[in-house]
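S.K.: Provided herewith is a single structure, encoded as structure tokens, for subsequent inquiry.
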Amino acid sequence: MRSGHSIGAPMFVQVSAQGAYAYDERGRRYIDYIMGYGPLLFGHTHPALVTDLDTLAANGWMWGTTHPEEIRLAERIRGYLPAMERMRFATTGTEAVMGAIRVARASTRRSTIVKFAGNYHGHSDLALFDAGASAHTDDAGRSGIPLGVTQDVIVARYNDLEDLDAKIRGRESDIAAILVEPIVGNMGYVTPIPGFLAGLRERADRFGALLMFDEVITWLRLGLHGASALVGVRPDLVTVGKILGGGAPIAAFGGRAEIMAELAPDGRVFTGGTHAGNPFAVGMAHRVLDLLESHPQYYSQMERLATQLADGIRALFAERGLRYAVVQHASIVDFKFREGEPNRNFDDALRADKQLYRRYYEAMLARGILLPPSQNEVMFLSVAHARGDVEATLVAIGESLDEIFTNERATL
């Protein structure tokens, strides 16, 4: 995706960043709405995160042993995500999901994993089927995914319990876990319809399977208690990732104590990682939590800016008679070039006009606005963004819309 190939756009090469801004090789400044694809809540190079890094590295940044700050971090996370009664650290969200799946399979003594089209859970073989983001897995064999893996995964439509029931019929006793983004950020921003997640919880209980929430995007981005608290459904396993370290490579998976007891040394499940829980990344994670706990106003600050941006986009669409739905939640803003209601599943996302997005992306880039080079992604705001950035962005959006639709009419 970074190459821009998925939308036929040129690759953006970045050489530095500061606050809400990214800089290219010519030194030109861009208002950045990628924000590392979510984890940069405070923007780039926030002083509280980048000052005095020598202190974090003074005793080494990778030991290969457990340390007190790792244990303290786990306790802090559990305070906000009580479903993570026990946890293990990893380096990336991909690794965290892989570890959680292995534990779920050992706990249930089953192999099949249910996931949902458009949900992205990293780049392991099983996770990539019909994934969101810019994963290309329409041909598993050509994607390097063994045929045997396809037999252990069921992909259902998000927000559609009837489709789920049809897909799993006859295989209920084979299901180890139902894996889901409780609120999705990889096929645009998609919220669960009433009853969907509760329906997953009920089915997992009825089948003797586990319910696993992937909160790699949503935890901390949607508040200290994440999506789990917002949706009112308690999972058995949870994965969290890069946002924990403010972009530093750290992740974790955890869940009920009896499930996590399957892990070695108590159980027979091995997951490892030389860099997992390393003192440098753990120290960065403590800084992130310290900053959020000492500045609770940050969330309302980001939401005000996101609301301003979303309302402004809606007004621009209304002025031009465009019937695109704008969605906004906390510090996330999103719209797709598809008329009608907001996305509810991956089928909706696939109907968006990729060519219009390509033209829009390039028009915005020319005006100094850096967007994700994929229509499956969303716009992330940060503490570093200011009202003036949003105002400049809205001017650029208006001009870009006029440009691409003038060209569109000219080609008809």
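S.K.: D for region 96-232, whole µm²/s, Stokes-Einstein with Kirkwood Rh over alpha-carbon pairs at 10 °C and 1.306 mPa s: what number? Each step should come with its number before you reach the end.
M.R.: Numbers: Rh = 15.1 Å.
Calculated translational D: 105 µm²/s.
S.K.: Just the Cα atoms of region 269-412: what Rg and Dmax do they give in Å?
M.R.: Computed over the Cα atoms of region 269-412, radius of gyration and Dmax are 18.8, 61 Å.
S.K.: Would you calculate a helix-derived [θ] at 222 nm for the chain, using -39,500 (n - 2.57) for each DSSP H run of n ≥ 4 and dividing by the full residue count, to the nearest 500?
M.R.: It comes out at -11500 deg cm²/dmol, rounded to the nearest 500.
S.K.: For region 198-321, what D do you get in µm² per second when you plug the Kirkwood radius from alpha-carbon pairs into Stokes-Einstein at 4 °C and 1.567 mPa s?
M.R.: This corresponds to a translational diffusion coefficient of 75 µm²/s.
S.K.: Longest span of the chain, sites excluded, free of trypsin sites (Lys or Arg not before Pro) in DSSP loop with at most 15 other C-beta atoms within 10 Å?
M.R.: 172-267
S.K.: Here's another thing I want to ask about it. Taking the Cα centre of region 51-293 as origin, sum charge times position over the Cβ atoms of Lys and Arg (+1) and Asp and Glu (-1), and report the length of that vector in debye to the nearest 20. Don't jump to the answer; show the numbers that get you there.
M.R.: On the way: 24 positive and 29 negative charges, 73 e Å.
Here the size comes out at about 360 debye.
S.K.: Still on this structure: Just the C-alpha atoms of region 31-141: what Rg/Rh do they give, with Rh taken as the Kirkwood radius?
M.R.: Ratio of gyration radius to Kirkwood radius: 1.02.
S.K.: Which of Ala349, Tyr361, Val383 sits farthest toward the positive end of the charge dipole of region 343-406, with +1 on the Cβ of Lys and Arg and -1 on the Cβ of Asp and Glu?
M.R.: The listed residue farthest towards the positive side: Ala349.
S.K.: Let me ask another. Work out, in µm²/s and without decimals, the Stokes-Einstein translational diffusion coefficient of the chain at 4 °C, 1.567 mPa s, Rh from Kirkwood over C-alpha pairs.
M.R.: Working: Rh = 22.1 Å.
Estimated via Stokes-Einstein, D reaches 59 µm²/s.
S.K.: Quick check: Cα centre of region 281-296 to Cα centre of region 307-383, how many Å?
M.R.: 31 Å
S.K.: Next up: Taking the dipole about the Cα centre of the chain, with the C-beta of Lys and Arg at +1 and of Asp and Glu at -1, give me whichever of Ile113, His225, Gly170 is farthest to the positive side.
M.R.: Result: Gly170.
S.K.: Continuing with the same structure: When only alpha-carbon atoms are used, what values of Rg and Dmax, in angstrom, describe region 51-293?
M.R.: 17.6, 58
S.K.: Within the chain, what percent of beta bridges assigned by DSSP are antiparallel, to the nearest 5? Please report the intermediate quantities before stating the final value.
M.R.: Numbers: 26 of 43 bridges.
Among the beta bridges of the chain, antiparallel pairing accounts for roughly 60 percent.
Every number here is computed from the coordinates shown, using simple stated rules; none is lab data. Remember, predicted model here, so these are calculated numbers, not experimental data. A quick note on method: Cβ atoms are made from the backbone with ideal geometry, for glycine too, and the neighbour counts reach across all protein chains shown.
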